[in-house]
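Trainee: Quick one: the structure is below, questions incoming.
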Amino acid sequence: METLRGVRGFHDILPPQSARFAAVETRLRGMLEAYNYAEIRTPIAERTELFARSLGETTDIVEKEMYTFDDRDGTSLTLRPEGTASVVRAAIEAGIAQPERVAKLYYLGPMFRRERPQRGRYRQFHQIGVELIGRDDALADAEVIALVMDCLDAAGLRDVELVLNSLGDHTCRPAYRAALAAYGRAHAGALCANCRQRLERNPLRLLDCKEEGCRELMTHAPVVGEYLCEPCRAHIAEVERLLTAADIAYTKEPRLVRGLDYYVRTAFEVLAQNLGAQNAVGGGGRYDGLVAALGGPALGGIGFALGLERLIMAAGEDVADRRPEVCVIPLADDASVPAFQLARSLRLAGTRCELETSGRSVRSAMRRADKLGAHFAVLLGEEELRAGRATLRDMWRQADHRLALALGGTGPVLADAIRELAAAGERGV
Ligand code: HAM
């Protein structure tokens, strides 16, 4: 029979990688809670219109990367390519996005984009992100950027570069768009077919084309900084002042536009040094106007998302310890029941415990415990059962301890003894 395989670009996350995901998620959640964000869980699928309206009709994501399908009643649905649109939609729907109120939400989960898979780029990937809705001041931007950097630090990623730009707003961006379009038209012959189309519909997108010719051409294109209106100029200057005061290093990147249309003013990305082509571990920015565009009140907002796969790849081998503390080994056949009871009570006492199959020789059982990396093995043979004592073998120090065993309820007692022995081992006693 033919072996069924997973879908290209969709990956299983197996141990020990899954432990790395869990450990990073726990650390990031801790940081997000410290900044007083609360978790929101939105559905994987939304109406297609939500993404078309918020990310922009002419973005790569909406034009060619969405997983879109018709539901049985004909409604067009899309697997979420990112989290911001869904969170803003949910906040409006739940009445959380309201004037005089600030919503601080974080989310974590799979996103779907039909990009060409390569190292660090998948069709299903995971993001952890935040949305701060209801603030339009520069301090909010600085806080959100500080949070990105603190999250990366908590995940063990230190060698990163923060790049920053202001994209202007509805007042000043039209003039910049016009300048960019004029530049593109003057050099249309050097643009790829895609960019020639984008030129009239959304010239800002010329700046994130990946084609070599377009990239080269755009290095000489006009920069948005020269077109900013006074309030936008003051806003980014204040963000920079706050970042500097907080000792957060950044590089100004005048051509950073990000791949989504909802951004205004502050936009940023964090690049890791060791990731190759797909080196953005995270990105975000301000999206004043998005809440109103989705039918809510006129509120500002800013947020970011980190790509968990890239983050974990960049952070390296910082693995959580998944080895069992104890391996319970029934040696005699009638040791199965007491071993089962003992393992269960150890587990209920919070000890990571593995229960071996019965009927093995001592040697092969010990080899198994060794392979699992267990710190202790509890041997339950005929002799132990008769004497009401168990042998607790410290696998790391090659020492045996005899422990009294009142079968049935000894889990916590044994768990305490194991902890004490482990602690004594660490102290070198
Ligand atoms: P984004 O830059 O499209 O922003 O994605 C954020 C991060 O998700 C990227 O920096 C990258 O680490 C990861 N990522 C994106 N696509 C892939 C992929 N195909 N494979 C693996 N990782 C990927 C957003 O999604 C915005 N919603 C962020 C935001 C929140 N802006 C404001 N609030």
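Trainee: Which of Val239, Val163, Val337 moves most in a GNM of the chain, Cα contacts under 10 Å?
Mentor: Val337
Trainee: Can you list the lysines whose alpha carbon is less than 26 Å from that of Lys64, not counting same-chain residues fewer than 8 positions off?
Mentor: Result set, ordered by chain and number: Lys210.
Trainee: Can I ask one more? Which percent of the accessible heavy-atom area of the chain goes to carbon and sulfur, probe 1.4 angstrom?
Mentor: Details: 10440 of 20880 Å².
Answer for the chain is 50 percent, counting heavy atoms of protein chains only.
Trainee: Which distance in Å, rounded to a whole number, links the C-alpha centroids of segment 204-223 and segment 69-147?
Mentor: Cα centroid to Cα centroid, the span is 27 Å.
Trainee: Which value results for Rg/Rh of segment 15-91 when Rg is the Cα radius of gyration and Rh the Kirkwood radius based on the inverse mean 1/r? Before the final figure, lay out each step's value.
Mentor: On the way: Rg = 15.9 Å, Rh = 14.6 Å.
So for segment 15-91, dividing Rg by the Kirkwood Rh gives 1.09.
Trainee: Something else: Highest GNM mean-square fluctuation, the chain, Cα pairs closer than 10 Å: which of Ile61, Ile133, Ile329?
Mentor: Among Ile61, Ile133, Ile329, the largest mean-square fluctuation in the Gaussian network model of the chain belongs to Ile329.
Trainee: With everything on Cα atoms, drop me the angle between helix 17-34 and the longest principal axis of the chain, reported from 0 to 90° to the nearest 10.
Mentor: 60
Trainee: Give me the distance in nm between label points sitting 7 Å out from Cα along the Cα-to-Cβ direction at Glu39 and Asp370, one decimal.
Mentor: For the pair Glu39/Asp370, the computed spacing is 4.1 nm.
Trainee: Considering only C-alpha atoms, what is the centroid distance from segment 243-276 to segment 1-19, in Å?
Mentor: Cα centres, segment 243-276 to segment 1-19: 33 Å.
Trainee: While we're here: At 1.4 Å probe radius, can you tell me the per residue accessible area of the chain in Å²?
Mentor: Values: 20880 Å² over 429 residues.
Heavy-atom SASA per residue in the chain reads 49 Å².
Trainee: Taking segment 219-354, how much of its Cα-Cα pair set, in percent, is spaced more than 23 angstrom apart? Don't skip to the end; give the middle numbers.
Mentor: Values: 5470 of 9180 pairs.
It works out to 60 percent of all Cα pairs.
Trainee: Return the tail of the calculated pair distribution for the chain, meaning the percent of Cα-Cα pairs more than 43 Å apart. Could the numbers behind the result be given before it?
Mentor: Working: 28914 of 91806 pairs.
So the pairs more than 43 Å apart make up 31 percent of the total in the chain.
Trainee: Read phi for every residue in segment 212-223 and hand back ³J(HN,Hα) as whole Hz from Karplus 6.51 cos²θ - 1.76 cosθ + 1.60, θ = phi - 60°, with x for Gly and Pro.
Mentor: Values per residue, Gly and Pro as x: 4, x, 5, 4, 4, 4, 6, 5, 10, 6, x, 10 Hz.
Trainee: How big is the convex hull of the Cα atoms of segment 259-328, per residue, in Å³? Please list the in-between numbers first.
Mentor: Working: hull volume 10.7 nm³, N = 70.
Cα-based convex hull of segment 259-328, divided per residue, equals 153 Å³.
Trainee: If each Cα of segment 2-161 is one equal point scatterer, what is log10 of I(q)/I(0) from the Debye formula at q = 0.20 Å⁻¹?
Mentor: -1.46
Trainee: Could you put Thr244, Thr59 in order of accessible surface area, largest first, with the 1.4 Å probe and the full protein assembly present?
Mentor: Accessible-area ranking of Thr244, Thr59, largest first: Thr244, Thr59.
Trainee: In degrees between 0 and 90, to the nearest 10, how far off the longest principal axis of the chain does helix 362-372 point, with axes built from Cα atoms?
Mentor: Long axis of 362-372 versus the principal axis of the chain: about 20 degrees.
Trainee: Which of the aspartates and glutamates could be linked to Lys104 by a straight reach, that is with a Cα gap under 19 Å, when you skip same-chain ones fewer than 8 residues away?
Mentor: Within the straight-line cut-off, Lys104 pairs with Glu25, Glu33, Glu39, Glu82, Glu93, Glu131, Asp136, Asp137, Asp141, Glu143, Asp150, Asp288.
Trainee: Using a basic spin-label model with each label point 7 Å from the Cα along Cα→Cβ, how many nm lie between Glu161 and Asp247?
Mentor: Between Glu161 and Asp247, the label points sit 2.3 nm apart.
Trainee: Also, quick follow-up: Across the Cα atoms of segment 297-422, what radius of gyration and what greatest pairwise Cα-Cα distance (Dmax) are found, in Å?
Mentor: Every Cα atom of segment 297-422 included, Rg and Dmax give 20.3, 77 Å.
Trainee: Once you wrap a convex hull around the alpha carbon atoms of segment 67-156, what is its projected area averaged over all directions, in nm²? Provide the component values of the computation, followed by the final result.
Mentor: Working: hull surface 32.8 nm².
Convex hull of Cα atoms, orientation-averaged projection: 8.2 nm².
Trainee: Normalising by the residue count of the chain, find the relative contact order in percent from Cα pairs under 8 Å and 6+ residues apart. Present the calculation step by step, with values, prior to reporting the outcome.
Mentor: Numbers: 770 pairs, mean separation 66.0, N = 429.
Averaging sequence separation for qualifying contacts and normalising by length gives 15 percent for the chain.
Trainee: Using the alpha-carbon atoms, what tilt in degrees (0 to 90, nearest 10) does helix 336-348 show relative to the longest principal axis of the chain?
Mentor: 40
Trainee: Just Asp141, Asp150, Asp71 to compare: in a GNM of the chain, with alpha carbon springs under 10 Å, which one fluctuates most?
Mentor: Of Asp141, Asp150, Asp71, the Gaussian network model singles out Asp71 as fluctuating most.
Trainee: Where does the chain land at 222 nm, in deg cm²/dmol rounded to the nearest 500, when only DSSP H runs of n ≥ 4 count, each adding -39500 (n - 2.57), divided by all residues?
Mentor: Numbers: 14 runs with 158 residues, N = 429.
For the chain, the value works out to -11000 deg cm²/dmol.
Trainee: 7 Å from Cα along Cα→Cβ at both Thr58 and Arg27: what's the point-to-point distance in nm?
Mentor: So the two model labels end up 4.2 nm from each other.
The values are calculated or read from the model by the stated rules, or taken from the named source; none is laboratory data. The shown structure was predicted, so the numbers you read here are calculated from the model rather than taken from an experiment. Neighbour counts run over all protein chains shown; Cβ positions are idealised from the backbone, glycine included. The accessibility values were calculated without ligands, DNA or RNA, using every heavy atom of the protein model including side chains. Shrake-Rupley method; radii C 1.70, N 1.55, O 1.52, S 1.80 Å.
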